[in-house]
1. Quick one: is Val239 within 16 Å of the ligand (Cβ to nearest atom) and either touching a helix residue (DSSP H, G or I) at 6+ places or on another chain (Cβ under 6 Å) or assigned to a strand (DSSP E or B) (or both)?
2. Taking the stretch 159-185 only, how many residues are over 16 Å from Val132 (Cβ atoms), modelled with pLDDT under 95 and of a type outside the set (A, V, I, L, M)?
3. Count, please, the residues in the stretch 1-47 that happen to be surrounded by fewer than 16 Cβ atoms within 10 Å (Cβ to Cβ) and hydroxyl-bearing (Ser, Thr, Tyr).
4. For the stretch 146-187, enumerate the residues that are assigned to a loop (DSSP other than H, G, I, E, B) and hydrophobic (A, V, I, L, M, F, W, C).
5. Kindly indicate whether any position in the stretch 80-101 is within 30 Å of Leu12 (Cβ to Cβ), more than 16 Å from the ligand (Cβ to nearest atom), among the small types (Gly, Ala, Ser) and surrounded by fewer than 21 Cβ atoms within 10 Å (Cβ to Cβ).
6. Condition first: under 22 Å from Asn225 (Cβ atoms) and crowded, with 24+ Cβ neighbours inside 10 Å. Now tell me which residues in the stretch 52-65 satisfy that.
7. Assess whether Asp387 counts as being surrounded by fewer than 20 Cβ atoms within 10 Å (Cβ to Cβ) and either of a type outside the set (Asp, Glu) or closer than 26 Å to Asn139 by Cα (or both).
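The values are calculated or read from the model by the stated rules, or taken from the named source; none is laboratory data. None of these values were measured; they are calculated from a predicted model. Cβ sites come from the backbone with ideal geometry, for glycine too, and all protein chains shown count toward neighbours.
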Amino acid sequence: MDTKKAGFNSKLIHAGGIEDALGSAVTPIYQTSTFRFKDADHGARCFSGEEKGYIYTRLGNPTIEDLENTLAELENGYGAVVTASGMAAVNTVYLAFLGAGSHMVSHNSVYGPSRGVMEKLYPNFGVESTYVDCTDPANIEKAIRSNSKLLYLETPANPTMGITDIAKAVEIAHQHGMLVCVDNTFCSPYIQKPLDLGADIVLHSMTKFINGHADIVGGCVVTRNKELYDKVAYVMKNVGFNMDPHQAWLTRRGLKTLSIRIERAQENARKVAAFLEKHPKIEWILYPGLESHPQYELAKKQMAGPGSMMSFGVKGGLKAGKTVMDNVHLALLAVSLGGIETLIQHPASMTHSKLSKEEREEAGITDGLVRLSVGIEDVEDIIADLDHALSLV
Ligand SMILES: *Cc1c(COP(=O)(O)O)cnc(C)c1O
């Protein structure tokens, strides 16, 4: 079925399909490293691009292509590449669009390793970066230099839930000839479509909502046009960031239920947030679906829903936060997010521990901040679990 004009849910189920000689309903796992040519001329035509054919799995594979085509359609992009991990997707973008003498502007509380690798590894190759609070567009403008090439955003950002106005940030960056990439992991295309808001590139850790079942690690990059697609495809294929066919197949299967997973998790999250906001042991809570979120209006404008991620502070700081994490039974004490199971973690000692205390505080990641990814269990059980753990504080 041609799904180009179909709705989002129909795309989730039917997009990307690769025709299979035996007519299988689901694109099979082509677990092969290489493909046989019919004859020498056929091989030559595949290599020259004259004929579309599969050559070698790092360069292309039907199971992988099924997933890539689907992601491009869901994000309203030209094309997508999938990668072995979310960090491979982040590095694909860095390598494709930055080089010696160039500068990147980014948000100060992006995913820890996205910032870590830029500040520790890329200076070796002459790449500079500036991290500011991009939730205020004036800070973006101030950070831009004559050699700035890329604005790298993550919104809502991890784990402070700070929201950047994508359309406004794009306007500023484009005036300076910069490309804009948005890490859309926290939302998935069901909630936010950065390319529709003017961004050039969108990436995901598919480990999170896209696959949604906490059983693979993967990433993807989707671009607005062919020129950008060719650049990211070159990096993915030649650096060897490619995904394995089995991993791609599992991800494509997980992706089919994206809408219903997110709807349910979001419905649960709204109730959990309302419960936490009123709880006497909670000092503060940040959830884009609460009117108390400083960017509640922007969230409503830019996102189709508030999602299922939130962070909160327990009265009594780090010690109290630890008591909660050590006494939940249904929620798993684990990093990662966006799966069907509720996960709880502590960024200052876990995901953002590589940043210095000053860097964390500047980015709003206080020692008492607890991050919660609400799953699709019965919401009464999630609330009872948190209520019990909080009662021990
Ligand atoms: C997890 C995550 C990443 C990195 O993805 P991996 O699949 O773990 O390599 C990047 N960005 C965000 C926002 C994430 O949550």
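1. no
2. Number of matching residues: 1.
3. 5
4. Answer for the stretch 146-187, where residues must be assigned to a loop (DSSP other than H, G, I, E, B) and hydrophobic (A, V, I, L, M, F, W, C): Ala157, Met161, Ile163, Met178, Phe186, Cys187.
5. No, every residue in the stretch 80-101 fails to be within 30 Å of Leu12 (Cβ to Cβ), more than 16 Å from the ligand (Cβ to nearest atom), among the small types (Gly, Ala, Ser) and surrounded by fewer than 21 Cβ atoms within 10 Å (Cβ to Cβ).
6. Listed by number, the list holds a single entry, Ile64.
7. Judged against the criteria, Asp387 is not a match.
Each row is one residue, and each column tells you yes or no for (1) part of a helix (DSSP H, G or I); (2) touching a residue at least 60 places away in the same chain (Cβ under 8 Å); (3) over 19 Å from Asp183 (Cβ atoms); (4) within 17 Å of the chain's Cα centre (by Cα).
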{"residue": "Val217", "(1), (2), (3), (4)": "no, yes, no, yes"}
{"residue": "Arg261", "(1), (2), (3), (4)": "yes, yes, yes, yes"}
{"residue": "Arg270", "(1), (2), (3), (4)": "yes, no, yes, no"}
{"residue": "Phe275", "(1), (2), (3), (4)": "yes, yes, yes, no"}
{"residue": "Ile285", "(1), (2), (3), (4)": "no, no, yes, no"}
{"residue": "Leu298", "(1), (2), (3), (4)": "yes, yes, no, no"}
{"residue": "Gly307", "(1), (2), (3), (4)": "no, yes, no, yes"}
